[in-house]
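Novice: Following this message is one structure expressed as structure tokens.
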4 protein chains.
Amino acid sequence: MLIKMRPDATADEVKAVETKLVGLGFKTGKMVGEAITLIGVYGDITRLPVEEIEELAGVEQLIPISRAYKRVAQKGAPDRPIYQTVSIGKVVCGGDELVVVAGPCSVESESQIMEAARLVRDAGAQILRGGVVKYRSSPYSGWEGLGSSDTDSLRKGLALIVKAGREFGLPTAVEILDPADVPVYEDAGVDCIQIGEPNSKNQALLNRLRTTPLPVIHKRGNSLDTEAYLLWVERMMTGGKENVIVCERGIASQNRYTRNTLDVGSIAAFRYQLTGLPVAVDASHATGIRDLVHPATLSGIIAGASVVLVESHPNPLIAKSDGFQGLFPEQLRALVEASRETWELRKRLDRRYLPSAALEKDYLARMDADRARFFGKR
Amino acid sequence: MLIKMRPDATADEVKAVETKLVGLGFKTGKMVGEAITLIGVYGDITRLPVEEIEELAGVEQLIPISRAYKRVAQKGAPDRPIYQTVSIGKVVCGGDELVVVAGPCSVESESQIMEAARLVRDAGAQILRGGVVKYRSSPYSGWEGLGSSDTDSLRKGLALIVKAGREFGLPTAVEILDPADVPVYEDAGVDCIQIGEPNSKNQALLNRLRTTPLPVIHKRGNSLDTEAYLLWVERMMTGGKENVIVCERGIASQNRYTRNTLDVGSIAAFRYQLTGLPVAVDASHATGIRDLVHPATLSGIIAGASVVLVESHPNPLIAKSDGFQGLFPEQLRALVEASRETWELRKRLDRRYLPSAALEKDYLARMDADRARFFGKR
Amino acid sequence: MLIKMRPDATADEVKAVETKLVGLGFKTGKMVGEAITLIGVYGDITRLPVEEIEELAGVEQLIPISRAYKRVAQKGAPDRPIYQTVSIGKVVCGGDELVVVAGPCSVESESQIMEAARLVRDAGAQILRGGVVKYRSSPYSGWEGLGSSDTDSLRKGLALIVKAGREFGLPTAVEILDPADVPVYEDAGVDCIQIGEPNSKNQALLNRLRTTPLPVIHKRGNSLDTEAYLLWVERMMTGGKENVIVCERGIASQNRYTRNTLDVGSIAAFRYQLTGLPVAVDASHATGIRDLVHPATLSGIIAGASVVLVESHPNPLIAKSDGFQGLFPEQLRALVEASRETWELRKRLDRRYLPSAALEKDYLARMDADRARFFGKR
Amino acid sequence: MLIKMRPDATADEVKAVETKLVGLGFKTGKMVGEAITLIGVYGDITRLPVEEIEELAGVEQLIPISRAYKRVAQKGAPDRPIYQTVSIGKVVCGGDELVVVAGPCSVESESQIMEAARLVRDAGAQILRGGVVKYRSSPYSGWEGLGSSDTDSLRKGLALIVKAGREFGLPTAVEILDPADVPVYEDAGVDCIQIGEPNSKNQALLNRLRTTPLPVIHKRGNSLDTEAYLLWVERMMTGGKENVIVCERGIASQNRYTRNTLDVGSIAAFRYQLTGLPVAVDASHATGIRDLVHPATLSGIIAGASVVLVESHPNPLIAKSDGFQGLFPEQLRALVEASRETWELRKRLDRRYLPSAALEKDYLARMDADRARFFGKR
């Protein structure tokens, strides 16, 4: 962290800031320019009391120069990152196998979710998804999920998907909307809680999930920058929670054709630069167009995702919600197969991936010679 | 609503859709093209069971041609809209007077909120704002509000701002984060509940607020289109709730300089085209820069806002949160005064505002003559 | 195209619009609702004189229901699209082989471009890129390319890259900035003209390029919607020009971490739905971060691209422009190899790609039975 | 400017960077942390050879801490900025009077532009606008302006608007598309050249305009950040050109309702923080909706604009282009009148505008006392 002092800050004020920082256990550095003095702060920046510092006399601005999300952040050397795994039921995410989470947008009836689960299992996916309370952008859509009327309906709805999952050997992942419902999900035997896009910055919900033992798939809010999102993920992890999966599902943009814009650059950044957590891609919500889910999912995998979220339905033409993006069963089978092949390719290619950290030293050493060669400069 | 049939839809399928619609009480029209048949649906579209229609054989897509937010929507003729008012305590929003809601980002201590309230009253603002539980984009900011630890701390924090408001004759508006806290806010004597930007699409919270008697200021989510936002507002109103204020507080964009982008086009659209609800502008969060709050607030008023939300602090240099955007007391006074003058101007100008509806008939009648005059065409 | 009439349009006005359309050779349909009359227009919509129709009495709005970019648009049935190829020199784009266009951001000296070309050839790329006049977002960057001072310098700069390309058997692709320079590029022996992002909507340049025999890579403007961009591409093709390659290079968004946001959803849409033209991906400009170019490029290929644009440099640490995104030679080799493997995978997977058009008929037929099964409905 | 050294930079490399900078005439500072060394550069940063520095061994990144657009940048103290004026013909922009530039999207015929000019004059606007070659997002719109076929048609079209302007005592502002046309505009007697949004980053055009004596209105590209745009404006001014007007006309965003999003925050920043150049607002293109042009224009004025661009037409219902946003003559009159009143108000309010620079010293002095008062801290 850099502290930029005001142009009119006095030497005493600068001194006071340094004293304060040292008193808090940080090391400091200083650079005095004609107009601006900068104070560097070294140590565990997450412990820095930002407000207290900002309120010190003479302080103009705090300029971060390293990352603020310590728990989310990738560990290990830049060319040898350490990745962690998260288990959903018996299924390991972020490990050697690609994990596909598939199922209908919403649990519509017992027979529908049983049939959906069977098709998910037959397609080779490992985890069953399905909403019991549903986000709807219009209050007039007429369907907010089997569990939307009260806690009892929520319990019954969750029981249906858990039953379907167990019948076909699939752990289940279900979206949550209300912090008060966390114990209901835990008791119902759900294997993973999902935070949908509209709740990505729901502070009360994220705070509540700090203490659930269940793994959480946390979808990125569609207006959040790559790193701003990771700070919201970090929130859940501050109490020690570790079993979190980050998920890119499309960001808002000027695009009209697709519903959102799948941000594979962030997927790649999550995987290769920013975090060791498993990375999921949800191309169903990102594109909103059934026939683009296939290529967009594969692009997420090759860019860095190890978990795929996809909506599928026994007959999407009669789905009560998101019918335009749910895959037909044949498409789900094709997608799981293609995803696996893409994943195998990425694993092979990853071994040959060359981060700059492994090369820069050599090229730094050659810089003078190269300059002379190309520009005749010494 | 238009229903676009698939190219391969049979005459029987088209017939079945029409029969279904008539059975539901709608009137229908039909247009049969070479490749595409369109069925028009007339009547109260909010009652249309969208999913049921989408699942009918042969239906490809529903194309909305009129607005889906009936309760939010502006009533009256285009050139004679009807506006409604919302009372916060004794203060009437959306009426003849501009309403300024001011106060610190967060309630920090009893002496701070008392001093803040005094300054708000002295500046001429009518409502006191102040957060008791605070959104923070980083979990390490070190301050989430006096009321963030438990329900008891929330009660005590709310009591402080209510006390300060009563001392200085100011109704209070306080942000809520968790649906479970609604009764706590109601019991504390808060006069208005505020939904912050990160909760704009929090379905559980919006559903819960359907039944509170307290007025609600609902801030627009920063990735929501103008009308998509109104659908989220409509959600709260579906049960009959009427005392809602819409609020533009900046949208996410490629801009770096300001924190968000204040969308005055939407403010103007809310006021002059889309809704009769009172419209608020929050330029503090939109710009994130103290010295831009003044011009940006005025631009919101002249564009159509009748309520101003603004952060102010007895000494923003020591504020525990949002210190960069809180106004100094002198700036608050200047802003309230300037806002009032801008409001008086807008009221005068509104009387001379000429919507096209009042003119089009004449120009339609002149079209042939004008074409002849300019283009020599008959 | 649908024509929405004003609420107050008279029967005579509706009649006049229909008569006008029939007179122009179109077929029409009509749907009369309580408040709104819609007129459908059938035929070659690109021939519709939009302004003339808009100016007819009673017309409120034209609502497009099919695509306006006829030449760009994909030909063939939805499940059997027809793809076309574009040759750059001897290299065929959009055919059976993946094409990699690589080279430095700018031609800096003869020895630099010769060395760069050698490395491009050795890495297995087929086309050499390199700017002779360069876009720079700041006028103070101190380098706008060898050819930026006048036409003579442009000629000399172009000669260098053409020489380097010929030496190593690589056709060349060079960006153009000024319509007046088209003949200079043609005469210099450049094999392909590139339109950079800032010129994506440069009407004068696009109009001028209608008549060049050289193939053109047209990069998408970073604020253009998927289909709005295709209309700008269509502009070049209206005179009969066919050798155009579309290119996604990142769009502007709220993202801060990457320079732009690579939109693979649009790449997939170009390939699988919207056009038969070859599709290129430029992950160097999309991400702006050297170590993300590799995964982001692969994601573009698997999503639908058949041409890769990538910046590489003999020693990017001394590059005069875009030094942070240029690949080291070893990285270029690794990328070309990985790209080829990804391409081979995609060709295999493409054969198993299942567009909905091939499945919908069956599921339409099952809709009633499935509804009965899941919802007990008849 | 800060130079961030690589973690592995040696002491010799750091030394070499400092030596280089001193050799170039800059002063330097240094801060050595545990992991990162930062070197500060002081002096005229626009003279810093960025590429050369970036290529020095051990340099990781250059971090700007002050503005790069020296000529565009506001001069004077923060609380006493200096504003400059730009004359278009006899009309002074950025001075004591609000300037309204009005007229049709395009010059359609002699009688049309004469009538349009008369109405512009009668409404009280001071400058006549009108396109002779027109941007069209579709090549099939059927109308690209009277001057679009060749240089001769351009000359004739320009002559029409110049004639109309002179007849009614109005200087003229006309958009340019091709750098080659600059002398044609100069010779035709046009009083001001306009750069449209799609050309905002057209480097060849901007470079060419460096030497025209005509004033230029430079519209902001709809994907450009506030300050990134100013760097493109700076480009034109680097050779000494001073008569430039900046213009906000809406940015691309996720909004669907309005065509673009009018960014009043940037208008306020241009006026109160970033530049001394006159600031224009174009609400016609920003909103794309006739009935929103009025409120949005006023919001631009109160936020900081001193020039208004607005499309008007004798009968917009028959306009060949942009017919949905052109004002009816009565609306133009109402807008000019309302704009003047808003301007008079802003001039009054500006005198009472309180930038923080005028207050901070006092509040800095009170910080300790206030902290003690509110938080019981010493």
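Novice: Taking the label point as lying 7 angstrom from Cα along the Cα-to-Cβ axis, what are the distances from A:PHE168 to the corresponding position in the remaining copies, in ascending order and in nanometres?
Specialist: 5.2, 6.1, 7.0
Novice: Using a 10 angstrom cutoff on alpha carbons, build the Gaussian network for chain D and name the most mobile of D:ASP282, D:ASP322, D:ASP362.
Specialist: Of D:ASP282, D:ASP322, D:ASP362, the Gaussian network model singles out D:ASP362 as fluctuating most.
Novice: Quick one: Karplus J couplings for the range D:365-373, per residue in order, coefficients 6.51, -1.76, 1.60, θ = phi - 60°, nearest Hz, x for Gly and Pro?
Specialist: Per residue, the Karplus-derived 3J(HN,Hα) values read 5, 8, 4, 5, 4, 5, 4, 4, 4 Hz.
Novice: Average partner chain C-beta neighbours within 10 Å, per residue of D:361-367?
Specialist: Average neighbour count from other chains, rounded to a whole number: 5.
Novice: I've got another one for you. If one computes the Cα centroid of the range A:278-307 and of the range A:105-126, what distance in Å separates the two points?
Specialist: Spelled out, the Cα-based centre of one part sits 20 Å from the other.
Novice: Counting protein heavy atoms only and a 1.4 angstrom probe, how many square angstrom of accessible surface do chains C and D bury in total, to the nearest 100?
Specialist: On the way: alone 18280 and 18300 Å², together 32870 Å².
Buried area (both sides, nearest 100 Å²): 3700 Å².
Novice: Go through B:ARG256, A:ARG136 and list them by solvent-accessible area, largest first, probe radius 1.4 Å.
Specialist: Sorted descending by solvent-accessible area, the residues read B:ARG256, A:ARG136.
Novice: Could you give the angle, 0 to 90 degrees to the nearest 10, between helix D:226-237's Cα long axis and the longest principal axis of the Cα atoms of chain D?
Specialist: So the helix axis and the longest Cα principal axis differ by about 70 degrees.
Novice: Through the Karplus equation 6.51 cos²θ - 1.76 cosθ + 1.60, θ set to phi - 60°, convert the phi angles of the range A:15-21 into ³J(HN,Hα) values in whole Hz; use x for Gly and Pro.
Specialist: Running phi through 6.51 cos²θ - 1.76 cosθ + 1.60 with θ = phi - 60° gives 4, 5, 5, 4, 4, 4, 5 Hz.
Novice: Using a 1.4 Å probe over the heavy atoms of the protein chains, calculate the carbon and sulfur portion of the accessible area of the protein assembly as shown as a whole percent.
Specialist: Percent of accessible area from carbon and sulfur atoms in the protein assembly as shown: 50.
Novice: Over the whole of D:1-8, what's the average partner chain Cβ count within 10 Å per residue? Rounded to a whole number, please.
Specialist: Mean inter-chain Cβ contacts per residue within 10 Å come to 2.
Novice: For the range A:1-96, just say rounded, prolate or oblate: build the C-alpha gyration tensor, square-root its eigenvalues into a ≥ b ≥ c, call rounded for a/c under 1.5, and beyond that prolate if a/b exceeds b/c, oblate if not.
Specialist: Prolate, because a/c is 1.5 or more and a/b exceeds b/c.
Novice: If you don't mind, there's one more thing I want to ask. With the other protein chains left in place, how much accessible area per residue, in square angstrom, belongs to the range C:19-150 at a 1.4 angstrom probe?
Specialist: Details: 5290 Å² over 132 residues.
Ligands and nucleic acids excluded, the result is 40 Å² per residue.
Novice: Still on this model: Quick one: helix C:110-123 against the long Cα principal axis of chain C, what's the angle to the nearest 10°, folded into 0 to 90?
Specialist: Tilt relative to chain C: about 60 degrees.
Novice: Using modelled backbone amide H atoms (1.01 Å from N, in-plane), which distant-in-sequence or interchain residues come within less than 5 Å of D:ASP263's amide H?
Specialist: Correct list: D:GLY250, D:ILE251.
Novice: Return the long-range amide H neighbours of A:GLU60 (sequence gap of 5 or more, or a different chain), with a cut-off of under 5 Å between placed amide H atoms.
Specialist: A:LYS4, A:MET5, A:ARG6
Novice: In the range A:1-139, if the dipole is taken from +1 on Lys/Arg beta carbons and -1 on Asp/Glu beta carbons about the Cα centre, which of A:ALA73, A:THR85, A:GLY131 is farthest to the positive end?
Specialist: Of A:ALA73, A:THR85, A:GLY131, it is A:THR85.
Novice: Keeping all protein chains in the complex and leaving out DNA, RNA and ligands, what accessible area do you get for A:MET114 with a 1.4 Å probe, in Å² to the nearest 10?
Specialist: Looks like 40 Å² after rounding.
Novice: Restricting things to Cα coordinates, could you compute the convex hull volume per residue of the protein assembly as shown in Å³?
Specialist: Working: hull volume 233.6 nm³, N = 1512.
So the per-residue Cα hull volume is 155 Å³.
Novice: Between chain A and chain B, with a rotation axis joining them, whose C-beta in A is nearest that axis, and what is the whole-Å distance?
Specialist: Taking Cβ atoms only, the nearest residue and its distance are A:SER223, 2.
Novice: In Å and from the alpha-carbon atoms only, list the Rg and Dmax of the range C:243-305.
Specialist: 11.3, 35
Novice: Something else: In the range C:255-353, which chymotrypsin sites (Phe, Trp or Tyr not before Pro) fall in coil by DSSP and have 12 or fewer other Cβ atoms within 10 Å?
Specialist: Here no chymotrypsin sites (Phe, Trp or Tyr not before Pro) fit, given the DSSP loop and packing criteria.
Novice: Normalising by the residue count of the range B:196-311, find the relative contact order in percent from Cα pairs under 8 Å and 6+ residues apart.
Specialist: 22 percent
Novice: Pick out which of C:VAL32, C:VAL91, C:VAL174 has the largest mean-square fluctuation in a Gaussian network model of chain C, springs linking Cα atoms closer than 10 Å.
Specialist: Fluctuation is largest for C:VAL32.
Novice: With runs of 4+ DSSP H residues as the only contributors, calculate the mean residue ellipticity of chain D at 222 nm using -39,500 (n - 2.57) per run, divided by the residue total and rounded to the nearest 500.
Specialist: -11500 deg cm²/dmol, from helical runs alone.
Novice: Continuing with this model, one more query. Considering every residue in A:242-255, what mean count of other chain Cβ atoms within 10 Å of its Cβ is obtained?
Specialist: Partner Cβ neighbours, averaged per residue: 5.
Novice: Taking the Cα atoms only, what angle lies between the long axis of helix A:151-167 and the longest principal axis of chain A, rounded to 10 degrees?
Specialist: Roughly 80 degrees, rounded to the nearest 10.
Novice: Sticking with this one: I'd like to check one number: the per residue accessible area of the range A:183-270, probe 1.4 Å, reported in Å² as a whole number.
Specialist: Normalised by residue count, the accessible surface of the range A:183-270 is 20 Å².
Novice: In the structure displayed, which of A:LYS201/B:LYS156; B:LYS15/B:LYS70; A:LYS320/B:LYS27; B:LYS361/D:LYS201 lie more than 31 Å apart, Cα to Cα? Numbers along the way, then the final one.
Specialist: Numbers: A:LYS201/B:LYS156 25 Å; B:LYS15/B:LYS70 29 Å; A:LYS320/B:LYS27 24 Å; B:LYS361/D:LYS201 42 Å.
Table pairs above 31 Å Cα-Cα are B:LYS361/D:LYS201.
Novice: Turning to a different aspect of this structure: In the range B:268-282, what residues drop by 50 Å² or more in accessible surface going from the chain by itself to the full protein assembly, probe 1.4 Å?
Specialist: In the range B:268-282, residues shielded by partner chains: B:GLN273.
Novice: By the gyration tensor of its Cα atoms, with a ≥ b ≥ c the square roots of the eigenvalues, what is the shape of the range B:62-178: rounded for a/c under 1.5, prolate for a/b over b/c, or oblate? Working shown, then result.
Specialist: Details: a/c = 2.99, a/b = 1.55, b/c = 1.93.
Oblate is the answer for the range B:62-178, as a/c is 1.5 or above yet b/c matches or exceeds a/b.
Novice: Compute the label-point distances linking D:ILE63 to its equivalents in the other copies; points lie 7 Å from Cα along Cα→Cβ; give nm, one decimal, shortest first.
Specialist: 0.6, 5.3, 5.3
Novice: Mind listing the long-range amide H neighbours of D:GLU175? Cut-off is under 5 Å, sequence gap 5 or more, other chains count too, H placed in the peptide plane at 1.01 Å from N.
Specialist: D:GLY130, D:VAL132, D:GLN194
The values are calculated or read from the model by the stated rules, or taken from the named source; none is laboratory data. These figures come from a predicted structure and were not determined experimentally. Counting neighbours? That spans all protein chains shown, and the Cβs are built from the backbone with ideal geometry, glycine included. Just so you know, the surface numbers come from the protein's heavy atoms only, side chains and all, with ligands and any DNA or RNA stripped out. Shrake-Rupley method; radii C 1.70, N 1.55, O 1.52, S 1.80 Å.
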